[in-house]
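To start, the structure under review is shown below, and the notes come after it.
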Amino acid sequence: ERAVRYALLAGRSALALLAYEEAAAQFEQALAVLARSGHDDGRRVEVLLALGDARLRAGAVAAARDAYEQAATLARRRGRPQELARAALGFAAGLGFEVRLYDRRQVELLEEALAALPPGDSSPRAWMLARLSVAQSYVAPPPRRRELAAEAVAMARRLGDRAALASALSGTCDAIPGPEHAEQRLAAAEEMLTLAETDEDLELELLGRRFRVVALLERGDLVAAEREVAAYARGTGRLRQPVSAWYVPLWRGMFALLRGRLAEAERLATEAETIGTRAASANAAMLCPLQRWLLHRERGEADAALAAMERVVELAPVSANARTELAWSLLEAGRVAEARAQLEQLVADGCAALERDSEWLPAMMALAHVAAALPHRDAAETLYRLLEPHAERFAVEGIGAGTHGSLARQLGLLAGVLGRRQEAKAHFEAALAANTAAGSPLLVAHTRRDYATALLALAAPAGDRKAAALLAEAAAVYRELGLTWQAERAASLAGRRGEGDGAPRFRREGDHWTVAWAGRSVHLRDAKGVGDLASLLAAPGRPFHVLDLVGGPGDRGGDEVLDRPAREAYRARAEELREELEQAQRDHDPERAALARVELEAVADELAAAVGLGGRARRLGDPAERARKTVSWRLRATLDRIERTHPALGQHLRRSVRMGTFCSYEPDPPVRWEVG
């Protein structure tokens, strides 16, 4: 008995001195003495619970859970609900820093222990309710989790139990993720810090600071978030627990990434992985590859970024949210059809499948980039409507693996796809202000580049000159940060700038047409598609039947889907696009590669529809269908020609020209052309 008592005293003394491995060794010695002496199970439960606590703090998570499981078995056998509750909490809680997703065993143990407690208010019941709300992430409906957390908070307040209240507030923060509750989580975290200061509880202080960091990041207050990280780092230096320590290099890596210091960010990511592995942290296993994904993207390493994101998706197989960033990675790796399929599947039901949790904003942000790059107008409409209420938030990856900055930037991209010039301008200006205040030159450069891209697509008056200035500023920042490929990409886009203002004109001069747009003129050789386009531009909003455009019944061409010159033109364009795609891949330009691949797939589809077995031309019987195919091909070929010489006008026309049995020109905002 004296040996056990002294071992327990020594172990608890070691715990107080933060010597976790020494404490575990003392408790293991006490268990060995109990085993030799045949001592009663009641004392074994006490020692096993202490051993679990020590192992958990030392980072030996699996061994800690084994000790708690043994304690639960003995407590159950002896009918001791208080100790069963302690064992269940230790098994599930991970000091409050870990949420063990999809772990049915922890839920079963918590529910069993809760049912065994006497009815009515008690501190163990408040603790159990709070932890159960966390353990049921992705299992119970969000309203049920919020209800459990609220019940725990109310009970702890009635009891006046500060420790139980702190646990309940932690459960509340986990139960109310998402953009709507950042202020509520911030308030709960601040109350946790007050309780920690009163009780001199360093573990609780760190947990509260972790919640504060994420809430401050979501609010875009990166200056305050960085101060919070510094305070957290001082605490982990004193506490020396791997389960909480790996967040420090992760967060510092995030800030290094935001400032374009990629080598430093990579070193810190490796440090976070090393400590997180030692702690057997499921959070680290998820967030460290996520930060690697961000690093690869900034370097233009599309294939490596895709591999990192596939790893993240493997770790969260039931979460639809991770698939959104997979779609973005697929697009940047040139797998456009797969990215489009993912986008369309996820937005088909208004994004209802996406969990509205801490990953919802980055998920929506990723879809916004895919919709803008394709471009996909229907998806852009849905995403704009869902994101607009959160324009002032920042999209934060997980518990701070990274941030994509102000969501106003993505709203600007979506507004550009939708042709909403004024909204796009307002969103981009807001994003520039927010990302500048955040102290991130990299985010500011990305915002300038995206702003310029949207201006070129919208082809607003004087937009080309504004775009050129933005791109020059972005390229200068990229060069300063050593991001050569990003600088070259911005400089390439800058080559699309215009030369002045002027009214839109589309005039025939002999066998050529002169086209003037945004102060820049180009010349087109006359062709049927150019004439089709002139008819549409002359009457904005008016639908033209394709039979009228081909010249009526007497001018329907042959029965082939595409005649020989058309097929040859398609093949020539396909070869040009293959060369453009290869060059973009050599230049590490995923955006240009994605655009080339989209058009190449469209050309391949048209050829597949026009050519049968043995290369023989397919034929159509319906005159209207023949005319629709003919006019569609003529218009697309004309738009291709225009976009090669005047990209801003080409992108405007692609957004505004509607093709089908009826064709029309429907610009938003309205545009009046001088056609003659």
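Just wondering, is there one or more residues in region 285-297 that are open to solvent by less than 40 Å² (accessible area, probe 1.4 Å), within 27 Å of PRO242 (Cβ to Cβ) and at pLDDT below 90?
no
Would you check if ALA67 is free of Cβ contacts under 8 Å to residues at least 24 places away in the same chain and open to solvent by less than 30 Å² (accessible area, probe 1.4 Å)? Give the derivation first.
Working: free of Cβ contacts under 8 Å to residues at least 24 places away in the same chain: yes; open to solvent by less than 30 Å² (accessible area, probe 1.4 Å): yes.
Yes.
Residues in region 490-502: is at least one within 19 Å of SER656 (Cβ to Cβ), more than 38 Å from the chain's Cα centre (by Cα) and at pLDDT 80 or above?
no
In the set ALA280, ALA302, ALA307, which member is open to solvent by 10 Å² or more (accessible area, probe 1.4 Å) and at positive phi?
ALA280
Identify all residues within region 5-55 that are surrounded by fewer than 22 Cβ atoms within 10 Å (Cβ to Cβ) and either among the acidic types (Asp, Glu) or not in a helix (DSSP H, G or I) (or both); write none if there are none.
LEU17, LEU18, ALA19, GLU21, GLU22, GLU28, GLY38, HIS39, ASP40, ASP41, GLU46
Looking at (1) open to solvent by less than 40 Å² (accessible area, probe 1.4 Å); (2) in contact (Cβ under 8 Å) with a residue 60 or more places away in the chain; (3) of a type in the set (D, E, K, R), which one does GLU83 not meet, given that it meets all the others?
If we test GLU83 against (1) open to solvent by less than 40 Å² (accessible area, probe 1.4 Å); (2) in contact (Cβ under 8 Å) with a residue 60 or more places away in the chain; (3) of a type in the set (D, E, K, R), just (2) comes out false.
Quick one: is ALA164 free of Cβ contacts under 8 Å to residues at least 60 places away in the same chain, over 24 Å from SER358 (Cα atoms) and open to solvent by less than 20 Å² (accessible area, probe 1.4 Å)?
Yes; evaluated as a whole, the condition is true for this residue.
Any chance you could count how many residues in region 263-304 are over 21 Å from LEU326 (Cα atoms) and touching a residue at least 40 places away in the same chain (Cβ under 8 Å)?
4
Residues of region 22-41 being within 50 Å of the chain's Cα centre (by Cα) and not hydrophobic (A, V, I, L, M, F, W, C), which ones? Spell out how you get there, then give the answer.
Our first condition is that a residue be within 50 Å of the chain's Cα centre (by Cα); within region 22-41, this holds for 22-31.
If the condition is that a residue be within 50 Å of the chain's Cα centre (by Cα) and not hydrophobic (A, V, I, L, M, F, W, C), then GLU22, GLN26, GLU28, GLN29 are the ones that fit.
Restricting to region 355-373, name every residue that is more than 20 Å from CYS288 (Cα to Cα), touching a helix residue (DSSP H, G or I) at 6+ places or on another chain (Cβ under 6 Å) and not in a helix (DSSP H, G or I).
GLU355
On the basis of being open to solvent by 60 Å² or more (accessible area, probe 1.4 Å), basic (Lys, Arg) and under 23 Å from GLY208 (Cα atoms), does ARG267 make the cut?
no
Which residue is surrounded by the most Cβ atoms within 10 Å (Cβ to Cβ), if the candidates are limited to region 131-148 and must be modelled with pLDDT under 90 and hydrophobic (A, V, I, L, M, F, W, C)?
ALA135
Please determine, by comparing only the residues of region 624-676 that are assigned to a strand (DSSP E or B) and open to solvent by 60 Å² or more (accessible area, probe 1.4 Å), which one is nearest to ARG571 (Cα to Cα).
Only one residue fits best here, namely ARG658.
Within region 362-383, track down each residue that is at pLDDT 90 or above, of a type outside the set (Val, Ile, Thr) and open to solvent by 10 Å² or more (accessible area, probe 1.4 Å).
HIS369, ALA372, HIS376, ARG377, ASP378, GLU381 - these are the residues of region 362-383 that are at pLDDT 90 or above, of a type outside the set (Val, Ile, Thr) and open to solvent by 10 Å² or more (accessible area, probe 1.4 Å).
The values are calculated or read from the model by the stated rules, or taken from the named source; none is laboratory data. Just so it is clear, the structure is predicted and the values come from calculations on it, not from any experiment. Positions of Cβ are generated from backbone atoms using ideal geometry, with glycine treated the same way; all protein chains shown enter the neighbour counts. Only protein heavy atoms, including side chains, enter the accessible area calculation; ligands, DNA and RNA are left aside. Shrake-Rupley method; radii C 1.70, N 1.55, O 1.52, S 1.80 Å.
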